[in-house]
Every structure is written in structure tokens, then in C-alpha cells.
Amino acid sequence: MIDLQLMALLLTPLLGGLLLAMFGSRSWAAELNSLMSFCTFVAAVVLTIRVVDSGPEVALNEEFFIDQFNVFLVALTAFVAFTTSLFSRPYMRIEQHHGKLSTPMLHLYYSMYQLFTLAMLVALTSNNMGIIWVAMEAATLTTVLLVSLYRTPASIEAAWKYFILCGVGIALALFGTILLYFAAERVLGEGGEALLWTHLNEVKAGLEPTVLKLAFVFLLVGYGTKIGLVPLHSWLPDAHAEGPTPVSAVLSGLLLNVALYAVVRSKVLVDGALASHLAGNLMMGFGLLSVVMAAFFLSRQKDVKRMFAYSSIEHMGLMTFAFGMGGAVATFAGLLHMTVHSLTKSAIFFAVGHATQKSGTQLMENIRGLITTHPTIGWGLAIGSLAILGMPPFGVFASEFLIITTAMHTYPWTTPFLLAALGVAFAAIFSRVQSMVFGETTDERLPHPPALVPVFVHLGLVLLLGLYIPPYLADWYRQAAALIG
């Protein structure tokens, strides 16, 4: 049964990609994209219920492995991909109406959107560390095409920068994977089994520590490029600023999580082989540096999408720091922060997308009075910004509170850096969003209804997770945290 459920999950976006490659130029392509994304989400829900109830399982001749950790990310990925597809229906049509996109460009967008979803789901569910690398490379290639969709000089430059930097990063991750195989080959023998995570996890205590140390460094630097960790982050603000807004939403809300997932899976193996905190220390170092640097970069931004791109770097650094600390509470907080960041940041990009379409610019100084010209966009951006800044009672506050209090207890020297960075980020974002939402304007109201249901659905879920985590979901987080913490 698990084989059939997993095949349904993976074949649905594959079928969607093929159908949209053939019919993506039709007027109903946007609806087909949303339908296939919804079917993928349904398949993810069915798979999630089974795994949470029955526990970890291998599938398809042990090439795929599902446990509470990755099925949590599968459900999150499928949900955000579905809501983003709903948002992109009117958004992309308005872009076409404004002359920014042609029908062939939309054809490419819809087909690549489904293949991008497929690549992320394969990376999350594969039991083979080599296939995870292949899926991450496929995700890179599809997003390069999506980032360059507008075909402007700036978007093509951003896509090339993304391709080159992430190509170098993914090559380093490949070298780390090869080193991991070299260490496993001596214990498990030659063949594909030496790269299966479940087999590696069983014999991790017998793997060569020196080789594992070197492998993890390459894996962290390689996949860290995809996460956007400082100083490997420079592609991310350009990709967010120049690509279509739905691409920014899935990049920030989903792809960065998948890359962090690969690092965490690797950390579990290294921790078992070394019986030390080396991997965690490296993750904490990169994570803390990312939080601090991104916070100060935020104050220098003039482009609204670049500003929230740096916010993504800050929050991915915070997650990396949490998983680096390890332990039940920090890992639980990291998983919760993954959830609320994905939901909140995608909602913010949805609101920002409509705001920039209305204003015809991404420069924050030229976006004013959203609360007057379209109140729902203004409130969506204001509430989303307060949520991502960690204001109570939103879920981001709960996860950040858990991370900081755990750091106070176990690594007190990090607390001033975290608090200072969060304070700077709050001041930088709040001061700009306040003017965008409540500033004076002479613009008229929007002539078209924006797709704001996904915005408030996401923010409603983030508010719920700040006020009350359902017991079923809390147990799910605890199970996942126990597997990796």
C-alpha cells in the first residue's frame, strides 16, 4: 500500500508536467496546474496519515524511505505548492495582460512548476543520498528557467548567477556524497546499498570518522549554498527580486527547506559516527552568521522582494542554528519554525506580488497607502510582516521563543547575537512596511480582484500554531524531533 501511495504522490506532478508541456498554452492551463497541485496535496495527506499512524517505512525496493520527519515536509511542500498555484492563476494572467509575459512563457512556467514540485518531493522521499543530490540538481535547473522567465537582462543575469553559484555548491555536495559512499563502502560493501540512508543509519557508528568529517563539510557548504547561508547567499536576493512572485514564494517557502533537510539527514549520520558535536557546531556557526548578517543587510534594501529575500536568509539561519543545537526542544522548535516560516513568507510574497502589480514597481519608496488603495492587500502585508517579525501570538513567536530560550540554557554566549539581530530585523522591516501600508497616496483602488484567500489561509494557520498546536500535530513534531534530535 505504501508503494501505491508514494507512486501517486510522485506520478501526479510528473503527469501534470507532461500534460502542461503539451497543453500549457491553452487558456485553461492555469486551472490544470492548480488541479494537479491539488491532487498532489491530496496524495500527500493520504501518505502523511499512514506514516504518522504506522511509523517509518521503506518503499519501492528500499529506494524510498518515509518517516515522520520527511513526510512532515512532504505535506508542507504539497500544501504551499497548491496554494501558490491558486495565487499564480490571476497573478500570471495580469502579468500577461501587462505585456510582461507571452503565451509561450506561461507554457514554460506551468510545466516547470509541476516538475519543480516533483523534484522537491523526490528529494524529500528518496532513501538514496545520491538520488537526493540528483533531485536537488533537477530542482536547480527547473528554477533557473523559472527565475529567467521575464527574459529581461536583470532576470537573465539573476538566473545565471543562481545557476553558477548553486552549480558550484551542488558540485561540492556531490563530492561530499562520494566521500560518504567511500566511508560506507568499507562497511556495507560495493553497490547501491552503500548510499541508502536507512542502511547508513544502521551502521553509522562503524563509519570512518575522518572521512565523515570531510564529507559533512562538503555537504554543508554544498547544500548550504541552496539554503542561502551566509556567505553563500548572494544568488538568493537576485533570484527573488527578478523572478515572478509565485517563484519567490516557492523558493523561499519550500526549496530552502528541502536543502536544509538534506543537511539534517547528513548530520544524523555524522553525529553517530563521531559521537561528538562537530556537525552541530558547524551548523550553529553558519546559522548564527546568517542570522546576524542578514539582519543588517535588511536595513539597506530598497526593493521589497529583496528585503524579504534577506528575511528568508535570516530565518533559514535560525533554523540551521536550531537543528545544530540539537536536543528535543531545539529540534521541535526548528520543525515548528520550518512550518510557520514557509506559511508566513509565502503569504507575504502573495501580498507583495499584488502590491507591486498595483504600483508597477518593486521600490518600497514608490509603494504607499495600500490600506487605502486596496485594504485587503494592505492588511495582508501588515499582518504577514508582524507575523514574520515574531510578534505574539503568531507561531513565529512561539518557535523563536523556544529557540532563544534553549540557546540561553545551552549556549548563552549566542543569545546577545540572536536578540540583537532579531531587533535590527524588526526595525528594518517594520519601518518600511508601515510606510507601504499606511503612507499617504493618490493612487486609485485596484480595478481587479486579487487572489488573497491563500494569504489569509496561511496567516490563519500561523496564528493557530501560535495560540494552540493540536495534539495530533504536536505528537507528529515530537516523533520527527526524536528521529533527528
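The values are calculated or read from the model by the stated rules, or taken from the named source; none is laboratory data. Model, not experiment: these values are computed from the prediction. Here the Cβ is made from the backbone with ideal geometry for all residues, glycine too, and neighbour counts use every protein chain on show. When the accessible area is computed, the model is the full protein with side chains, heavy atoms only, and any ligands, DNA or RNA have been set aside. Shrake-Rupley method; radii C 1.70, N 1.55, O 1.52, S 1.80 Å.
If you go through segment 40-76 one residue at a time, how many are open to solvent by less than 40 Å² (accessible area, probe 1.4 Å), among the aromatic types (Phe, Trp, Tyr) and in a helix (DSSP H, G or I)?
Total satisfying the criteria: 2.
Considering only segment 166-191, state which residues are over 20 Å from residue 226 (Cα atoms), of a type in the set (A, V, I, L, M, F, W, C) and either without any contact (Cβ under 8 Å) to a residue 24 or more places away in the chain or open to solvent by 50 Å² or more (accessible area, probe 1.4 Å) (or both).
182, 184, 187, 188
What pairs come up if the first residue lies in segment 284-298 and is hydroxyl-bearing (Ser, Thr, Tyr), the second is open to solvent by 50 Å² or more (accessible area, probe 1.4 Å), and their beta carbons are under 6 Å apart, counting only those six or more places apart or on different chains?
Pairs that qualify, where the first residue is hydroxyl-bearing (Ser, Thr, Tyr) and the partner is open to solvent by 50 Å² or more (accessible area, probe 1.4 Å): there are none.
Give segment 1-17 a look and list any residue that's open to solvent by 60 Å² or more (accessible area, probe 1.4 Å) and either under 21 Å from the mean Cα position of the chain (by Cα) or under 13 Å from residue 107 (Cβ atoms) (or both), or say none.
14
Say whether the condition of being open to solvent by 10 Å² or more (accessible area, probe 1.4 Å), among the aliphatic types (A, V, I, L, M) and at pLDDT below 90 is met by at least one residue in segment 241-263. Even if it seems obvious, please write down each step before you answer.
Step one: filter segment 241-263 for residues open to solvent by 10 Å² or more (accessible area, probe 1.4 Å), giving 242.
From the residues that got through so far, the ones that are among the aliphatic types (A, V, I, L, M) too are none.
Scanning segment 241-263 turns up no residue that is open to solvent by 10 Å² or more (accessible area, probe 1.4 Å), among the aliphatic types (A, V, I, L, M) and at pLDDT below 90.
Can you tell me which residue within segment 372-400, out of those that are of a type in the set (Phe, Trp, Tyr) and touching a residue at least 60 places away in the same chain (Cβ under 8 Å), is surrounded by the fewest Cβ atoms within 10 Å (Cβ to Cβ)? Reasoning before the result, please.
If we filter segment 372-400 for residues that are of a type in the set (Phe, Trp, Tyr), which is where we start, we get 379, 394, 397.
Imposing the further condition that a residue be touching a residue at least 60 places away in the same chain (Cβ under 8 Å) reduces the set to 394, 397.
Numbers: 394: 25, 397: 18.
Per the criteria, the residue is 397.
Has segment 39-62 got at least one residue that is at pLDDT 90 or above and in contact with a Pro (Cβ under 8 Å, 6 or more places away or on another chain)?
Looking through segment 39-62, at least one residue is at pLDDT 90 or above and in contact with a Pro (Cβ under 8 Å, 6 or more places away or on another chain).
Of all residues in segment 145-163, which are of a type in the set (Val, Ile, Thr), touching a residue at least 12 places away in the same chain (Cβ under 8 Å) and open to solvent by 10 Å² or more (accessible area, probe 1.4 Å)? Steps first, answer last, please.
First, the residues of segment 145-163 that are of a type in the set (Val, Ile, Thr): 147, 152, 156.
This time we only want the ones that are touching a residue at least 12 places away in the same chain (Cβ under 8 Å), so: 147, 152.
Scanning segment 145-163 gives a single hit, 152.
Could you tell me which residue of segment 413-442 is modelled with the lowest pLDDT, considering only residues that are open to solvent by less than 80 Å² (accessible area, probe 1.4 Å) and either of a type outside the set (A, V, I, L, M, F, W, C) or not in a helix (DSSP H, G or I) (or both)? So that I can check it myself, show each step before the final result.
As a first pass, look at segment 413-442 and keep what is open to solvent by less than 80 Å² (accessible area, probe 1.4 Å): 414-415, 418, 420-429, 431-433, 435-437, 439, 441.
Among the residues that remain, those that are also either of a type outside the set (A, V, I, L, M, F, W, C) or not in a helix (DSSP H, G or I) (or both) are: 414-415, 423, 431-432, 435, 439, 441.
Details: 414: 93, 415: 93, 423: 92, 431: 88, 432: 89, 435: 85, 439: 73, 441: 63.
This residue is 441.
Is it the case that some residue within segment 77-90 is of a type in the set (A, V, I, L, M, F, W, C), over 16 Å from the mean Cα position of the chain (by Cα), outside any loop (DSSP other than H, G, I, E, B) and more than 19 Å from residue 9 (Cβ to Cβ)?
In the first step, residues of segment 77-90 are kept if they are of a type in the set (A, V, I, L, M, F, W, C); the result is 78-82, 86-87.
Checking the rest, the ones that are also over 16 Å from the mean Cα position of the chain (by Cα) come to 86-87.
If we keep only those that are outside any loop (DSSP other than H, G, I, E, B) too, we end up with 86-87.
Cutting the leftovers down to more than 19 Å from residue 9 (Cβ to Cβ) gives us 86-87.
Yes, segment 77-90 has at least one match.
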